[in-house]
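Written below as structure tokens is the structure these notes are about.
Just so it is clear, none of the values below were taken in a lab; they were calculated from the coordinates. Only a predicted model underlies this, so the values are computations on that prediction, with no experimental measurement involved. Cβ coordinates were reconstructed from backbone atoms using ideal geometry, including for glycine residues, and neighbour counts include every protein chain displayed.
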Amino acid sequence: MSCIKKSPAFTFSLVAALLAGGTAAHAAEWSDTSLGYRYGTKFAEPFNPNDISKNIFSLTHASGYKYGTNFLNVDALLSDSKDPTRVNSGTTSGGAQEIYVVYRNTLDIGKVSGSPISFGPVRGVGITGGFDVNTKNDAGYGSKKRMLVLGPTLMLDVPGFLNVSALLLKESNQPYGINSRYTYKLHPMLSAAWGIPLAMISAVPTSFEGYANFIAAKGDNEFGGRTSPETNVDMQVMFDVGSLAGMGKNTFRLGVEYQYWKNKFGNPSTVTGSKASTPMVRAEYHF
């Protein structure tokens, strides 16, 4: 029998894919699915000097099963004409459309082993795997991102949840002008995700939610330029206004959101549009 030597990148890809999909068949112990909408007028895109308005529609699902949790988010991002669509022969028209998908699966090591792991402020330790996928038809870049993630997660003992992960990223893209898919260097990301109840500050049940990603540089980009470390923080305060109308807890929520994105997609600060500071309004219907 022949022996095939597999690269670390191949092994990483295989393990991440197995983690992402291998637990889908387990029955959910709890689940939450929602349709969302958010809107802002200060979005930015690299190499574009304009403030861009976007309507964003989302489908989000979170669930827990015997050995861990799943998270899936699908965003449909609709830009105004300041982020135009590419059409035939390179001409532009209207606003660009983007679909961005995020999936994460976290295996709780204590639940898998039958021996809970907790120490100090940590209530659990897990392994997170998953992927990001997007496609966009803008005139300038035309992203077709594919990314696998894998790494350890600490689940902190707070009201609600706060998970901190150190993830290794394998990312590739094939934008306009690139004949074949380009793979960046493997690079790490420190990621936090949280949902903290703030019931004491309002008569309406309130929560502080979001994520923060601190991403290392990923080597040269597909055009030969150097990439830079990236910071993406997205946070919102949400009010359970549906409870006032008798709709049930966390059925309809309204809130405000803010995103800070430095060196977007790894573009250095010298690139126009590489930094965004974007306030938004947000609504969610949970079912």
- Note on the structure: Straight-line reach check, Lys111, cutoff 21 Å on alpha carbons, 8 or more apart in-chain or any other chain, hits among lysines -> Lys66
- Item | Pairwise label distance in nanometres, Phe214 with Thr270, each label 7 Å out on the Cα-Cβ vector | 2.5
- Note on the structure: The ³J(HN,Hα) series, computed from each phi in the range 189-199 with the Karplus coefficients 6.51, -1.76 and 1.60 at θ = phi - 60°, rounded to the nearest Hz and given as x for glycine or proline, is 9, 9, 10, 10, 9, 8, x, 10, x, 10, 4
- In nanometres, the difference between 0.36 nm per residue of separation and the alpha-carbon distance of Ala192 and Ser31 is 55.9 nm
- Message: Under a crude label model (7 Å from the Cα following the beta-carbon direction), how far is Asn88 from Ser277 in nanometres?
- Response: 4.4
- Which of the listed residues, Val237, Gln97, Gly140, is farthest toward the dipole's positive end in the chain, when Lys, Arg count +1 and Asp, Glu count -1 at the beta-carbon? Gly140
- How are the Cα pair distances of the range 26-286 distributed, in percent, across 10 Å bins from 0? 7, 26, 35, 23, 8, 1, 0
- Message: Taking θ = phi - 60°, what integer Hz values does the Karplus form 6.51 cos²θ - 1.76 cosθ + 1.60 yield along the range 136-151, in sequence order, with x for Gly and Pro?
- Response: 9, 10, 5, 6, x, 10, x, 5, 9, 6, 9, 9, 9, 10, 7, x
- Using 0.36 nm per residue, how much length does the chain from Asp51 to Thr231 gain when fully extended, once their Cα-Cα distance is taken away? 62.9 nm
- Message: Between Gly124, Gly248, Gly224, where does the largest GNM mean-square fluctuation fall for the chain, given springs only between Cα atoms within less than 10 Å?
- Response: Gly224
- Task: Pull up the cross-link candidates among the lysines for Lys54, meaning alpha carbon to alpha carbon under 22 Å and not fewer than 8 places away within one chain.
- Result: Lys42, Lys82, Lys136, Lys144, Lys145, Lys262, Lys264, Lys275
- Query: In deg cm²/dmol, rounded to 500, what helix-only [θ] at 222 nm does the chain give when every DSSP H run of at least 4 residues adds -39500 (n - 2.57) and the total is split over its residues?
  - Reply: -2000 deg cm²/dmol
- Task: May I ask for the net charge around Met280, where only other residues with Cβ less than 15 Å from the Cβ of Met280 are counted and Lys, Arg are +1 while Asp, Glu are -1?
- Result: -2
- Note on the structure: Restricting to Cα pairs under 8 Å and 6 or more apart, the percent relative contact order of the range 26-286 works out to 15
- Task: Report, by chain and number, residues whose modeled amide H sits under 5 Å from the one on Asn137, excluding near sequence neighbours (fewer than 5 apart, same chain).
- Result: Gln97
- Answer in debye to the nearest 20: the dipole magnitude of the chain about its Cα centre, from +1 Lys/Arg and -1 Asp/Glu charges placed on Cβ, is 680
- Between Lys66 and Asn221, what is the label-to-label distance in nm when each label sits 7 Å out along the Cα-to-Cβ direction? 4.7
- Note on the structure: For the range 174-185, in residue order, the Karplus 3J(HN,Hα) values (coefficients 6.51, -1.76, 1.60; θ = phi - 60°; whole Hz; Gly and Pro = x) are 9, x, 4, x, 10, 6, 9, 5, 9, 10, 6, 5
- Item | trypsin sites (Lys or Arg not before Pro), loop per DSSP, at most 14 other Cβ atoms within 10 Å - longest free stretch of the chain | 67-180
